Each structure stands twice: as structure tokens, then as C-alpha cells.
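Have a look at the structure below, then the notes.
No value in this document is a laboratory result; all are computed from the given coordinates. Just so it is clear, the structure is predicted and the values come from calculations on it, not from any experiment. Positions of Cβ are backbone-derived with ideal geometry, glycine not excepted, and every protein chain shown enters the neighbour counts.
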Amino acid sequence: MNNETNISSTNTTTCCYCGVGCGIVVNKDIHERITVEGDKNHPVNKGMLCSKGMNLHYTVNDKSDRLLYPEMRYNKNMPLQRVSWDTALDRTAAVFKALIKKHGPDSVAFYASGQCLTEEYYVVNKLIKGFIGSNNIDTNSRLCMSSAVVGYKMSLGEDTVPISYDDIEIADCIFVAGANPAWCHPILWRRVEAAKQNNPDLKIIVSDPRKTQTCSLADVHLQLNPGTDITLHHAIGRCLIEDRNVDADFIINNTNGYEKYHETVFETSIADAAAICGIEESDIRLAASYIGNAKGFITMWTMGLNQSVVGTNKNLSLINLNLITGHIGKPGSGPFSLTGQPNAMGGREVGGLSNLLPAHRNLANENHRNEVEKFWQIPLGTIQAKPGLTATEMFDELNSGKLKAVWILCTNPLISLPDVRTAEAGLKNARFVVVQDISNKVETLKYADVVLPAAAWAEKEGTMTNAGRYIAYLSKITEAPGEALPDSEIICRFAQKMGYHGFDFKNSAAIYDEHAALTEGTNIDISGLNYEILKEKRAVQWPYPKNKNSAGTARLFTDHQFYTPDKRANIVAVSHINQSEALSPEYPLILTTGRIRDQWHTRSKTGKVNKLNQHISESFLEINPVDAEARNIKDNDIIEVQSSRGNVRVKAKYSTDIKPGVVFMPMHWGLILKSDLNRVNNLTNNLVDPLSKEPDFKFTAVEVKLYEKA
Ligand code: SF4
């Protein structure tokens, strides 16, 4: 112990908020209280932390809102009562067994989170797919990344981000499409800011219907109409072709589909595209010239493209710009989807979505199912070929009564799901609900039959994979309060209560080793990686096969050999038509939702940090003064926002940074403040992309009216 500072231990770990995955040094004092600082030796953040990361210790030191003991209610009308772990898990196992026996394995489901550690994801996926015999596991990552996953698979043959964070520093042009990394991925954006400072020739293009903080660095901001991204990407593609700024050799030797793409982008003139997008034709041409002149070109995107009813097509149309220019597999170039959550990518590595198997194997492929079955030592044919229920489908099927039980881990669907009142009706209708969480304030507790207290960040060890394929280790630094347990231990204990073998892991390292072994020989092979290497190197990019003296893989496709059957990338021509709900005289405005700088998801962690609440303390509706004045609404008036599904009441915030006809509301607030009238998902619709099943959060038809003068 250091007597002068009272520091009893110092550990390194990884931030648990966004997909950037910053390294953190945690000091613990003799009273078990921690403080945090950026890890100067970490390859991702090099010592920097954003406001959320910097204040992470408050969420650990303040345990006043923590779930401490398992609880259970014996019937729906009774209050929750404290019970032992054995009682809670025995009852849950008995109910699951009875439902599975009577209604089949698809009568139960697990709804997890991109904030779960990889080991937690691994065991829950193994449990339901390999032993219960259903594919009903999905996660809130479905709400943020699934369109990028499908886009990558269709174009590159694999769900993979091909670049490294270090490519940012050597790019000459970065196209940020539908993202506000200055607020939502701040440390990554600081690397972009530093790159721009060092290289004034670095051109930044931003497309977003809102003028966000990210736009302050932009050389051109394309303030497009919501839902017109594909038209914009096609128009840029057409300019690149007309200006002969495409890489003909790369297209001929390494891609399929260029002719159809050429035909598609020439269907619309640049002038017409500009009119559809609501931007200047000259700005489209300027953006295209920046891309055309670049030696290194990165496309960077997130929810603005993904959270759309045509999210897959938006992804494909953007990735096409990398493919036609040959900007992939070389320094400073490539598509780079930013993950919102810290471990959305790790969850997919273990197959933690309803349509996946471990190591990105395909559920529909019998050989892949058999490989996993043999590895898990279960009878061939146990794993079903049919995909399970996705996030929104689960709650729909709770409503229909086909799904009887749902186990919710580490996520707060009663704030985050679209058309949330329908989702809430599903939980009300559920026969049995298990809630596994850290907080005694999550809204789902109201519907829980069994509550399982989980250990939080710094109270358990494990790994996560960030937006750049960097796998990082998270240390256990302090004890969990009360009887809270690590999520993986809870799932393993339950699996053993169900009578299943293969869940007697001695620790999380053993789970990791099993997961890593199952990746051997796949595109995401990490069989050479273990906790010791991760602790030493802090963050390693996959693949990391064994016996190859690997140092990780910074950049994929350097040999232009893609993961498609013919090794060529697919330039997929897509329709530019948006399929969002139609505007009407009754609902003439487009509502788009998103994050603010200092809050995280549904505020169950950041909401308890005073410093973070000072940035923006309550929900609001951002509205252009033109739209506001037409409705007799002044800045700070309380307004009512109405869609065909519900309403909210929040303050109006005037802003000329948002286009007339578009309004914005943050996603973070919900029921915690006495009323659900600040919950934006009262308004949103449950339309989803037909391939990725990702919801259309960025386009809801609404009307706004004055409710109360300021
Ligand atoms: Fe954490 Fe993301 Fe901030 Fe880094 S940028 S400190 S990972 S919230």
C-alpha cells in the first residue's frame, strides 16, 4: 500500500461506455473507493478520456442504486421478496423446464446487451442455442449495428471492420455519414482533430440533417433530408465515375457488380439528387472531388445509416464508395462503422444474435451447426437452423402469447425499444420475466417475476471488442455489493440447475479459452489469444491465430482477397427509395432520435453523476424556429409531440442547426422521472429493415403543438 496517497492498488482496464474502447488506469484506496485516469500506454486512447470515461468512478463508488439480493414474486400480484440465489434459480429453472416441455424451446428467450462482456455473451448463447435448443437470443445491438453487419457480409463476405484506428492519422479524406463522433465517440474524434491539425489537407465530409459538433471540423457539411442518404451516395458515386476518379484496375480485378452499379447511379442526375437531398449540387461535387483526390479515404458511419428501414442499403451504398475507388486494404483507407456499444462486436464474435453461431458461423449452414455441436459435445441436430426472434420480434411475440418467458440481461428495453408502449404491453402479457441487472431503478423491474443482481464494471473480469476489432481485457478491481454476481456466473449456475453439462467453468479465463478455441480456423480466429497476452498488450486486433507469432491484424484485405466465395468484393447496386412511414397533414414533421454528449443509453449509470447531468439536465425537442413559430411555439415552451402511436411533453429548444421539417429528441430519458412523457420511444415506429431487422429510429412522422407557455 502507498501510505502517502492511501492507494491500495492500481489496475488497468477498459471503459465500459462507447465502442471506442479507451484504456483506463484505476486506483483503489483503502476504503475501496476508486478514481480513474486515461491509460497513456493504451493503443486506443493514449491517455485521453472523454467526460463519461473521466467520471466513471462515480458510478462504481455510489452503490446506493444497486440491486443487492435476488428477489422473486410468487405471483404477479405480490411484491418482490428477497430470496436466496438457490431459490431464485431453482424457481426460474422449474418455470423454464415446464414451459419448454409444454410449449417447446421457442417459448423462452434471452434479451441481452452490447454491454455484456464477451464471456457473458458466450455462455448465454451456448445455453439457449446448444442446450435449450432455441435460437431466441437477441440483444440491443440489433438496435444499433445489425445493418452494418449485413452490409459488410453482402459486400465483403464477412462482418468485419477492415481498418485500424491508426489509419485515421494517414487518411486524406474522411466521410462521416450519419454520425456525430465528436459527442458519441469523443476520443476517436480527438484523433481525427489531431490528424486534421497535423495535416491541413485532410478533408472531412459530414452528412447529417443536423449541424452537430462534428460539423465544426467539416470542410463540407451535406445537410441532407432524412432518408436520402442513398441518393447522396449514388450521386457522389456518379461524380467519381464521371470525373474518372474510380480505380478501374481494382474494380476489374477484385469486384463484382460494377456494371449494374454504374447503371443505377446514372438513373438520377446530380441536380435531381441534390434536389431530393435538399443540398447544393456544388457541395455534392465538392465532396466527390475530395474523395477523388484522396490517397487514403475512410468512410465512417453509425446510427444515421444503421437505424433505418433501409439501413442495409444505406450501408451498401456507402461501402460502394470505398470499392469503386479501391480504397480498402491499404493504409489510411477503408469502411469504418463505429459501434455504439462497448462490446457489440464481441457479442457477434460469439454468435450472440438470433441468426448467428459462434465465430461468425452461419446458422443456416449445416456443417457450421455440426461443428459447434461437436465442440459443445451435444447431439447433432440440437441447434436449430431457423433464426430465432430478433429484438422487436421478441416483444411482439410476448404480446401474441407465442413467447411465454423472457430473460432480460443488462439492458433497459422499456426506454430503448421503438414503439415502446407495445413492448411494455408485451412484458405485461408475459408469463414469466427474469431481469438481471445492476440497478434497482430499471423500468423492467416492475414486470419481473425474478430479479437477479449482477456485478458491474470493475466488479468482474472479462473481455470486450471495440469498434476497431481490438479485443481488450477488463479487470476485476473491487467487490460487487451485497450478493451480486458476475453475469456469466449467474448464467452458468442457472444452466447447471437446468441439468446441462459444459457450464462448470472455473473462472472467466476458462470461458474465454473455450470461446477462443471455437474460433480456430475461422475468419475471426483468435485461438492464439488468452488473458495473459491481453493483460500485457492491453488491446489486440483480431484475427490472432495460434502458432503464427501474431501481433494481431491491423488491416484486413491487404491482398484484396475478400471473404466472399470468389474472393471478390461485391459492389451491390441498391434502390435509393426510402421505406419509412409517410408524412401526412396530421404528422408532417420528421422526428430523428440520438445521443447527447454526456449521457449513456438510458442513463442508469450516467444519470447518477451530477457532473454529467450538468451538461444537459432534461430531455428536449430541438426544433427549427421556422417550424416552431408556425406553431406559435417559443423557445423553452413545453410542447406536446404526437405520433400515431403516442405522445411526449418536453421543452422546445430552438435551433437553426436542424433543418426545417425535422425535429430531434434524445434517446436517453424515460420513466425514471415520475412520468413516461419524456420517453421518445413513445413516438417511434416498429418498422425494421427487412434484412437486418434494425428499427427505423431516424424517421418518425410527428406533429408538435404548444402545451404550456414558458
Ligand atoms: Fe469511454 Fe468512449 Fe469516452 Fe473512450 S470515448 S472514455 S470509451 S465513453
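Tabulated values for the structure
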quantity: Nearby lysines by direct alpha-carbon distance to K46 (threshold 27 angstrom, same-chain neighbours under 8 apart not counted); calculated: K28, K196, K203, K295, K330, K460, K476, K535, K537, K605, K611
quantity: Least to most buried among H185, H360 (fewest other Cβ within 10 Å first); calculated: H360, H185
quantity: Cβ-based exposure ranking for D525, D86, D208, in which fewest neighbours within 10 Å come first; calculated: D86, D525, D208
quantity: Cα centroid separation - the range 96-168 against the range 528-544, whole Å; calculated: 23 Å
quantity: For the chain, with +1 on Lys and Arg beta carbons and -1 on Asp and Glu, the positive-most of P358, T339, N75 along the dipole; calculated: N75
quantity: Cα gyration tensor, the range 191-309 - rounded (a/c under 1.5), prolate or oblate; calculated: oblate
quantity: Two-site label geometry, Q197 and Q614: point separation in nm, points 7 Å out along Cα→Cβ; calculated: 2.4 nm
quantity: Cα centroid separation - the range 623-666 against the range 275-323, whole Å; calculated: 28 Å
quantity: Order by protection proxy (mean Cβ within 10 Å, highest first), peptides 115-122, 482-489, 250-257; calculated: 115-122, 482-489, 250-257
quantity: Estimated vicinal HN-Hα couplings, Hz - the range 177-185 in sequence order (Karplus 6.51, -1.76, 1.60; Gly, Pro = x); calculated: 10, x, 8, 10, x, 4, 9, 9, 9
quantity: Cα-centre dipole for the range 572-710 with unit charges at Cβ (Lys and Arg positive, Asp and Glu negative), debye to 20; calculated: 620 debye
quantity: Point-to-point label distance, E708-E259, nm (Cα→Cβ direction, 7 Å offset); calculated: 6.6 nm
quantity: Antiparallel DSSP beta bridges within the chain, percent to nearest 5; calculated: 50 percent
quantity: Estimated dipole of the chain in Debye, rounded to 20 [Cβ of Lys and Arg +1, of Asp and Glu -1, Cα centre]; calculated: 1480 debye
quantity: Sorted by Cβ neighbour density within 10 Å, fewest at the top, the residues D566, D283, D159; calculated: D566, D283, D159
quantity: Lysine-lysine proximity count for the range 81-191, Cα under 21 Å, sequence distance 8 or more or distinct chains; calculated: 5
quantity: Highest average packing first - 67-75, 232-240, Cβ atoms within 10 Å; calculated: 232-240, 67-75
quantity: Charge sum, other residues only, whose C-beta stays under 11 Å from T522's C-beta, Lys/Arg counted +1 and Asp/Glu -1; calculated: -4
quantity: Around C22: net Lys/Arg minus Asp/Glu count, Cβ-Cβ under 13 Å; calculated: +4
quantity: 3J(HN,Hα) from dihedral phi, the range 653-669, Karplus parametrisation 6.51/-1.76/1.60, rounded to Hz, x for glycine, proline; calculated: 10, 5, 7, 8, 7, 10, 5, x, x, 10, 10, 10, 9, x, 8, 7, 8
quantity: Charge dipole magnitude, Cβ of K and R +1, D and E -1 - the range 216-284, Cα centre, debye nearest 20; calculated: 140 debye
quantity: Positive minus negative residues near A179 (Lys, Arg vs Asp, Glu; Cβ under 13 Å); calculated: +2
quantity: Positive-end residue of Y500, T392, T13, charge dipole of the chain with Cβ unit charges; calculated: Y500
